2 protein chains.
Amino acid sequence: MIIVKVGGSVFSDKKGKPENFEGATVRSIAREISKFYPRKSFIVVHGGGSFGHPEAKKYGIREGLPEDWKTANFRRIGFTETHQAMLRANARFIEEFVRENLPAFSVSTSSVFITENGEVAYGDLEVVERLLELRFIPVLFGDVSVDLAKGIDILSGDQIITYLAKMLEPEKVVFLMDVDGVYDGKPGEGSLVQSLARDEIDSLLERLRCTASGTDVTGGICNKLEEAKKIAEHSEVWFVNGKVPGRLSGAIRGDGFGTRIV
Amino acid sequence: MIIVKVGGSVFSDKKGKPENFEGATVRSIAREISKFYPRKSFIVVHGGGSFGHPEAKKYGIREGLPEDWKTANFRRIGFTETHQAMLRANARFIEEFVRENLPAFSVSTSSVFITENGEVAYGDLEVVERLLELRFIPVLFGDVSVDLAKGIDILSGDQIITYLAKMLEPEKVVFLMDVDGVYDGKPGEGSLVQSLARDEIDSLLERLRCTASGTDVTGGICNKLEEAKKIAEHSEVWFVNGKVPGRLSGAIRGDGFGTRIV
């Protein structure tokens, strides 16, 4: 089984209009997956892009539920609005996959995961595992979450993948990004790291000054590398450009262009 | 806690255009609930109406997944299309509830329930229970389901409610219909049954000739009465007209017009 993460910036321009969606890019990703399905099985997880992030910020979801009833209810409404925005992104994914005749099936992240300070505390994978057995392609997404510590929080696609990798031991995890992989420095400036051993991640994190938090509500490359370090215990990890046709296929085959963590 | 079932025929005309939705009716239901929230807590479950049923029929979802790959994949696609249609109905519900400032939160039925021949075999209510604690209004819906016997099947809103009632012991379950309640005979011909003891249900089922299956994919009044019999072990049950403003409030207060099962 292969887990494919489609980063928000791959299918959507976070700085563009609300809920903009690059259908052609997602369709091309679906087409690459269809070349390997059903010989290989897949789980797809996508991020928020221009869908989830504006609402999550506007309502301050990450701050949790306060005591004050009025603020709490404002945030409850925001929680539900953020989920609905993510469902709209997800519906577009399902649509593009179905066009390629792939039985992608929407699994609502917030219906199956509970977090504690944004990290998975509990996740019921019964349905996901059975969907895989029945040859569906479960599609999950970064979403809001019921949180044991704060009442509510955000669960990022990357966190979901770390949990899925630990529980389901996939053959491979492929992160699709809008750059060619992981850079030793700023993308476009530093050089692309084509191969990275798991125990070299810490020193790269230091060179990238990954001590502070990332740039969006769910974190950027620093968070991704932190998660990749955990995932690499269970699975091969690839970071490839999701906007360039063929790169995903290369990662699935194992001879592709991007960053491979072994 | 009160469970409100909104029948498909209350918010949608099954014989009308695909995916027709009576927003005003749902908004009026939300407005009635808002008079009791947050003093009382609620779970809402809605049916398919003109959303789920056409797809479920077209693809023959209830027949399960066959051996033959081509037919199986056609049905897999239908499974995902049916769920997406139900999510569109659900999104309209959430929208109307949010307009009334109610924090209704979508829980994907197919993400948390597994059936065996269409009856709940497994349901993870962890998220639903925590949502209730946090004062959300979980909104579930009749949906497709992974099925232990047939691979895939349909899980009706009524079945979900029976399971929720058994597990969560609500104070009351209110079924909203497009008629005034349960009739001793054909609606409009027989007389309305205003009060029905649980042990009188069997003889009513006989008089209604409820031996064959119902009229839609998830069954009509016969199925409802069968489920009501089970639910009445745990909770008071009401059947009231969801299209007449005030009837839901009457059932919640306990002095309303409709059928009460005690």
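The values are calculated or read from the model by the stated rules, or taken from the named source; none is laboratory data. Only a predicted model underlies this, so the values are computations on that prediction, with no experimental measurement involved. FYI the Cβ positions are ideal-geometry reconstructions off the backbone, even for glycines, and counts take in every protein chain you see. Just so you know, the surface numbers come from the protein's heavy atoms only, side chains and all, with ligands and any DNA or RNA stripped out. Shrake-Rupley method; radii C 1.70, N 1.55, O 1.52, S 1.80 Å.
Taking the mean number of other Cβ atoms within 10 Å as a proxy for protection, how do you rank A:163-171, A:6-14 from highest to lowest?
Values: A:163-171: 17.8, A:6-14: 22.4.
By packing density, highest mean first, the sequence is A:6-14, A:163-171.
If amide H atoms are built 1.01 Å from N in the plane of the peptide, which residues on other chains or at least 5 residues away come under 5 Å of the amide H of B:His46?
B:Val6, B:Leu140, B:Phe141, B:Gly142
Helix-only mean residue ellipticity at 222 nm, chain B, DSSP H runs n ≥ 4 weighted -39,500 (n - 2.57), per residue, nearest 500. What is it? Working shown, then result.
Values: 10 runs with 107 residues, N = 262.
It comes out at -12500 deg cm²/dmol, rounded to the nearest 500.
Please work out the Cα center distance from segment A:139-203 to segment B:1-64, rounded to the nearest Å.
38 Å
Under Stokes-Einstein, with the Kirkwood radius over Cα pairs standing in for Rh, what whole-number D in µm²/s applies to the protein assembly as shown at 25 °C and 0.890 mPa s? List each step's numbers first, then the result.
Values: Rh = 23.9 Å.
Reported coefficient: 103 µm²/s.
Can you tell me which of B:Glu67, B:Glu95, B:Glu55 moves the most in a GNM of chain B? Springs connect C-alpha atoms under 10 Å apart.
Sorting by GNM fluctuation, first place goes to B:Glu67.
Any idea what the A:Leu205 label distances to the other copies are, label 7 Å down the Cα→Cβ vector, nm, shortest first?
Label point to label point, same position, other copies: 6.0 nm.
Can you give the FRET efficiency to the nearest 0.05 for A:Arg207 and A:Glu233, using r as the Cβ-Cβ distance and R₀ = 30 Å? Intermediate values should be presented prior to the final figure.
Values: r = 22 Å, r/R0 = 0.74.
With R0 = 30 Å, the Cβ-Cβ based efficiency is 0.85.
Leaving out ligands and nucleic acids, and using a 1.4 Å probe, what accessible area per residue does segment A:2-261 come to in Å²? Write down the numbers at each step before the final one.
On the way: 10120 Å² over 260 residues.
Value for segment A:2-261: 39 Å² per residue.
Please give the FRET efficiency for B:Asn73 paired with B:Val244, using the beta carbon to beta carbon distance and R0 = 35 Å, rounded to the nearest 0.05.
Working: r = 45 Å, r/R0 = 1.29.
So, using R0 = 35 Å, E works out to roughly 0.20.
What does the copy distance list look like for A:Gln194, label position 7 Å along Cα→Cβ, in nm and ordered from shortest?
The projected label point of A:Gln194 is separated from its counterparts by 8.4 nm.
What is the set of long-range amide H partners of B:Ser41 at a cut-off below 5 Å, with H atoms built 1.01 Å from backbone N?
Long-range HN contacts for B:Ser41: B:Ile2.
Show me, for segment A:21-29, the HN-Hα J-couplings you get by feeding each phi into the Karplus relation (A = 6.51, B = -1.76, C = 1.60, θ = phi - 60°), rounded to Hz, glycine and proline as x.
Ordered by residue, 3J(HN,Hα) equals 9, 8, x, 4, 5, 5, 5, 5, 5 Hz.
Kindly tabulate the residues in segment B:74-96 with an accessible-area decrease of at least 10 Å² between the chain alone and the assembly of all protein chains, using a probe of 1.4 Å.
Residues shielded by partner chains are B:Arg76, B:Ile77, B:Phe79, B:Thr80, B:Glu81, B:His83, B:Gln84, B:Leu87, B:Ala91, B:Ile94.
Each residue of segment B:139-145 in order: what ³J(HN,Hα) in whole Hz does its phi give by Karplus 6.51 cos²θ - 1.76 cosθ + 1.60, θ = phi - 60°, with x for Gly and Pro?
For segment B:139-145, the Karplus curve yields 10, 10, 7, x, 7, 6, 8 Hz.
Leaving out ligands, DNA and RNA, what percent of the accessible area of segment B:1-104 is carbon and sulfur, probe 1.4 Å?
Values: 2060 of 4140 Å².
Its accessible area is 50 percent carbon and sulfur atoms.
Would you please put B:135-141, A:33-39, A:241-247 in order of how densely packed they are, using the mean number of other Cβ atoms within 10 angstrom per residue and starting with the highest?
Values: B:135-141: 23.6, A:33-39: 14.7, A:241-247: 18.9.
Peptide ranking by packing, descending: B:135-141, A:241-247, A:33-39.
Any residues in segment A:139-155 that have 50 Å² or more less accessible area with all protein chains than in their chain alone, probe 1.4 Å, and which are they?
The answer is A:Val146.
Pairs of Cα atoms under 8 Å, at least six residues apart: use those to get the relative contact order of chain A, whole percent. Display every interim value, and only then the final one.
On the way: 529 pairs, mean separation 56.7, N = 262.
It comes to 22 percent, rounded to a whole number.
Hey, for B:Gly220 with labels 7 Å out along Cα-Cβ, what do the inter-copy distances come to in nm, ordered shortest first?
6.2
Considering amide H positions built from the backbone, and no H for Pro or chain starts, which residues 5 or more places from A:Tyr122, or on another chain, come under 5 Å of its amide H?
Those qualifying (amide H under 5 Å, at least 5 residues apart or on another chain) are A:Ile114.
Could you derive backbone 3J(HN,Hα) for segment A:166-180 from the dihedral phi with the Karplus parameters 6.51, -1.76 and 1.60 (θ = phi - 60°), listing whole Hz in sequence and x where the residue is Gly or Pro?
After applying 6.51 cos²θ - 1.76 cosθ + 1.60, I find 5, 7, 10, 6, x, 6, 7, 10, 10, 8, 8, 10, 9, 10, 6 Hz.
Would you work out the relative contact order for segment A:135-262, in percent, from Cα pairs under 8 angstrom that are 6 or more residues apart? Mind dumping the intermediate values first?
Numbers: 194 pairs, mean separation 38.7, N = 128.
So the answer I get is 30 percent.
Between A:Gly118, A:Gly181, A:Gly220, where does the largest GNM mean-square fluctuation fall for chain A, given springs only between Cα atoms within less than 10 Å?
A:Gly220
List the extent of the Cα atoms of segment B:2-261 along each of their three principal axes, largest first, rounded to whole Å.
Each principal axis gives a Cα extent; for segment B:2-261 these are 55, 44, 36 Å.
Considering only segment B:14-161, what is the antiparallel percent among its DSSP beta bridges, to the nearest 5? Intermediate values should be presented prior to the final figure.
Details: 9 of 17 bridges.
Counting only bridges with both partners in segment B:14-161, antiparallel ones make up about 55 percent.
With a 1.4 Å probe, how much accessible area is buried between chains B and A, both sides summed, in Å² to the nearest hundred? Before the final figure, lay out the partial values.
Numbers: alone 12040 and 12020 Å², together 20540 Å².
Result for this pair: about 3500 Å² buried.
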